[in-house]
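What follows is a single structure, written as structure tokens, with notes after it.
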Amino acid sequence: MTTTKKTIITIILSFFSFSIVAQIPNFSFETWNNMGSYENPDQWGTLNSITNPSATFTCEKGTPGNPGSSFIILFTKNIPGFGVVPGIAVTGTIDTSDYSAQGGFPFTQRPQSLTGNWQYMPWGGTDFGFISVYLTKWNTTTNTRDTVSKTVSTLFGMVMTWSTFNILLSYQMGIFPDSAQIVLSASGKITPAHGDFLYVDNLSFAGTAAGLGNTENLISDIDIFPNPSADIFTIKSVKEITSIEIYNALGENIFSSEPKTKIYELDLQNKSNGIYFIKIRSNNKTVIKKIVKQ
């Protein structure tokens, strides 16, 4: 292959690689807006504006980035006059009444996963942060938004050094979206714990989900019951279950199996009561669900 052809191919590949990353606003958190007493990541909504009077902020700029010059730090803090405020950032705005995400950004692809670099720790041990991705499309018939893909990945365990994450997206519909929303949260919505933190950098979408005929929703295809349970959990799947992994609240793998069946009984009677996370792979897709032993 000639040098000229190699150069052209390199340019083309670089263009497509950049285009899928560039669609996420400020994907590497290199651009920050100076708001006077604090900084906000450009095109991301945070709660800094409402906590500004206390001079305490749940979103900060970290340096150096991984890669780049900066990254986003999300801290959940107990702030006088507000209570415990979660460290949260969204590609849009945040409803300050319930900390829910609003809005999004134009997006017309069907990626296979969201990737990036992170560090994470749940300080309380019982509260877990999350990263969520919503892909939607406006329905001109019903004048509502259809959910093309909804993925909420719970951040269990601890990641105390920079590591790469890859969150597989779950699709509910076989159409292309017209918008996307990403939420990064150091804490869960129910009982956020002071001290939870999440560092994130270098976000990007990767891969391409199967064609328009791919309408399977793995979350609805798999059922776990009873949940909570004192000992036995029954896992029932529409497709064959190829692997099961169980993690405790510290992110430690306590059980692995390759059942190759659609119905599987999981026995946790010898395990301590508490929250566990079950990672199930079926039909070349992976889903993580929370179970409670009591």
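Within segment 190-197, identify whether any single residue is modelled with pLDDT of 90 or more and not basic (Lys, Arg), and answer yes or no. Within segment 190-197 (the criterion being modelled with pLDDT of 90 or more and not basic (Lys, Arg)), the answer is yes, since at least one residue qualifies.
If the condition is being assigned to a strand (DSSP E or B) and farther than 29 Å from residue 247 by Cα, then segment 89-100 contributes 93, 94, 95. Per the conditions (1) part of a loop (DSSP other than H, G, I, E, B); (2) touching a strand residue (DSSP E or B) at 6+ places or on another chain (Cβ under 6 Å); (3) under 30 Å from residue 148 (Cβ atoms); (4) of a type in the set (Val, Ile, Thr), the sole criterion not satisfied by residue 56 is (3).
Within segment 123-133, can one find any residue that is within 16 Å of residue 285 (Cβ to Cβ), modelled with pLDDT of 90 or more, crowded, with 19+ Cβ neighbours inside 10 Å and assigned by TED's automatic domain parsing to the domain that holds residue 65? Yes, because at least one residue in segment 123-133 is within 16 Å of residue 285 (Cβ to Cβ), modelled with pLDDT of 90 or more, crowded, with 19+ Cβ neighbours inside 10 Å and assigned by TED's automatic domain parsing to the domain that holds residue 65. Among the residues making up segment 246-277, those that are of a type in the set (Phe, Trp, Tyr) and either modelled with pLDDT under 90 or under 24 Å from residue 130 (Cα atoms) (or both) are 247, 255, 276, 277.
If you go through segment 66-99 and keep only what is farther than 21 Å from residue 128 by Cβ, surrounded by fewer than 18 Cβ atoms within 10 Å (Cβ to Cβ) and small (Gly, Ala, Ser), you end up with 68, 69, 81, 97.
Residues that are touching a residue at least 60 places away in the same chain (Cβ under 8 Å), assigned to a strand (DSSP E or B) and among the small types (Gly, Ala, Ser) within segment 101-132 comprise 101, 113, 116, 129, listed in sequence order. With respect to (1) assigned to a strand (DSSP E or B); (2) at pLDDT 90 or above, the lone exception for residue 187 is condition (1).
Look at segment 154-178: where a residue is at positive phi and a partner is surrounded by fewer than 17 Cβ atoms within 10 Å (Cβ to Cβ) and not hydrophobic (A, V, I, L, M, F, W, C), sitting 6+ places away or on another chain with Cβ atoms under 6 Å, you get 157/251. Within segment 154-171, the residues that satisfy the criterion of being out of contact with any Gly (no Cβ under 9 Å at 6 or more places or on another chain) and surrounded by fewer than 17 Cβ atoms within 10 Å (Cβ to Cβ) are 160, 161, 162, 163. Any residue at all in segment 276-291 that is farther than 20 Å from residue 151 by Cα and either assigned to a strand (DSSP E or B) or touching a Gly at 6+ places or on another chain (Cβ under 7 Å) (or both)? Checking segment 276-291: not a single residue is farther than 20 Å from residue 151 by Cα and either assigned to a strand (DSSP E or B) or touching a Gly at 6+ places or on another chain (Cβ under 7 Å) (or both).
Selection of segment 31-61 for residues being surrounded by fewer than 16 Cβ atoms within 10 Å (Cβ to Cβ), in contact (Cβ under 8 Å) with a residue 40 or more places away in the chain and closer than 24 Å to residue 114 by Cβ yields only 43. Somewhere in segment 123-140, is a residue aromatic (Phe, Trp, Tyr) and touching a His at 6+ places or on another chain (Cβ under 9 Å)? Yes, segment 123-140 has at least one match. Within segment 269-285, residues that are over 17 Å from residue 237 (Cβ atoms) and among the acidic types (Asp, Glu) reach no partner that is exposed (fewer than 15 other Cβ atoms within 10 Å of the Cβ) and modelled with pLDDT of 85 or more with beta carbons closer than 6 Å at six or more positions or on different chains.
The values are calculated or read from the model by the stated rules, or taken from the named source; none is laboratory data. These numbers come from a predicted model, not from an experiment. Here Cβ is always computed from backbone atoms with ideal geometry, including for glycine, and neighbour counts include all displayed protein chains.
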